[in-house]
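The structure appears right after this line, and notes come after that.
Just so it is clear, none of the values below were taken in a lab; they were calculated from the coordinates. This one's a predicted model, so the numbers in the text were calculated from it and none came from an experiment. Note: ideal-geometry Cβ built from the backbone for every residue, glycine included; neighbour counts use all protein chains shown.
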Ligand code: IPE
Ligand code: IPE
Ligand code: MG
């Protein structure tokens, strides 16, 4: 067996293709989201066994509210169910949860689940899952700008002090290193507003598998592809 190379510290995944997975089977889109939830559980667990430190997953974007009210409410119901189950698994596996995105637009019940998961897991040191919910990269940057501007207005910060490192601390991802590897299954070749600030030097791997079918072997393949890349960061 080939020697396994160490995984990157931080892997980010755009969990895409649930709708097409369901359509192929003649099922409602919600069935695809449910299967996507299972894939999340499978891959989060696998990342934990690999020793990945951070797994950031894109679950619902600021643009996904454009979908039918039926699909959105189905997704929100599934998220609540998965978060409750994840909370139980998390206690067992010591997974730390964080949420990226504007949670203020979620229902109070779902928001409470997110905040409980964050606070109850804050001392855990197995893989940290950053769950992107009502997340948009541009929205994150704007919220960061507004927070910094408020601090300037209140005399807690100055315009001159603003550096890339300082501004990073105003983002949802404060304290989390940038992802080395971003994976998008489903065959789409775009980032759809995912982590624009954090991924300027990430390696992107686009794959033709639909997210509900995504397997540990697919993750191995993406990691192997990552190790074949030559990262230069602008150097010669
Ligand atoms: C990703 O799957 C889940 C969300 C965006 C909420 P999609 O629902 O986008 O699946 P496709 O792209 O239609 O197949
Ligand atoms: C990106 O997928 C968002 C998530 C996976 C949560 P979309 O399906 O919303 O992206 P587009 O519409 O194909 O760009
Ligand atoms: Mg999609």
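Tabulated data
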| item | result |
| --- | --- |
| For the range 1-129, Kirkwood radius (reciprocal of mean inverse C-alpha pair distance, Å) | 15.7 |
| Fraction of beta bridges assigned by DSSP in the range 81-236 that are antiparallel (%, nearest 5) | 0 |
| C-alpha center-to-center spacing [the range 1-30, the range 53-101] in angstrom | 15 |
| Whether the range 105-236 is rounded, prolate or oblate, judged on the alpha carbon gyration tensor where a/c under 1.5 counts as rounded | oblate |
| Calculated FRET value between residue 65 and residue 25, using beta carbons and R₀ = 22 Å, to 0.05 | 0.30 |
| Square roots of five times the Cα gyration tensor eigenvalues for the range 58-135, Å | 23, 12, 10 |
| Most to least packed among 120-128, 211-219 [average Cβ atoms within 10 Å] | 211-219, 120-128 |
| Distance between the range 109-173 and the range 189-236 - C-alpha centres, whole angstrom | 24 |
| Directionally averaged shadow of the chain, computed from the convex hull of its alpha-carbon atoms, nm² | 15.1 |
| Volume per residue of the C-alpha convex hull in the range 2-69, rounded to whole Å³ | 110 |
| Distance (nanometres) between label positions extended 7 Å along Cα→Cβ at residue 217 and residue 169 | 4.7 |
| Relative contact order (percent, whole number), the chain, Cα cutoff 8 Å, 6+ residue spacing | 28 |
| The range 16-152, relative contact order in percent, only Cα pairs under 8 angstrom and at least six apart counted | 30 |
| Gain on full stretching of the segment that runs from residue 229 to residue 116 - 0.36 nm per residue minus C-alpha separation | 36.8 nm |
| Over the range 16-55, relative contact order from alpha-carbon pairs under 8 Å, at least 6 apart, % | 28 |
| Sorted peptide list for 153-165, 75-87, 129-141, criterion being average Cβ within 10 angstrom, highest first | 129-141, 75-87, 153-165 |
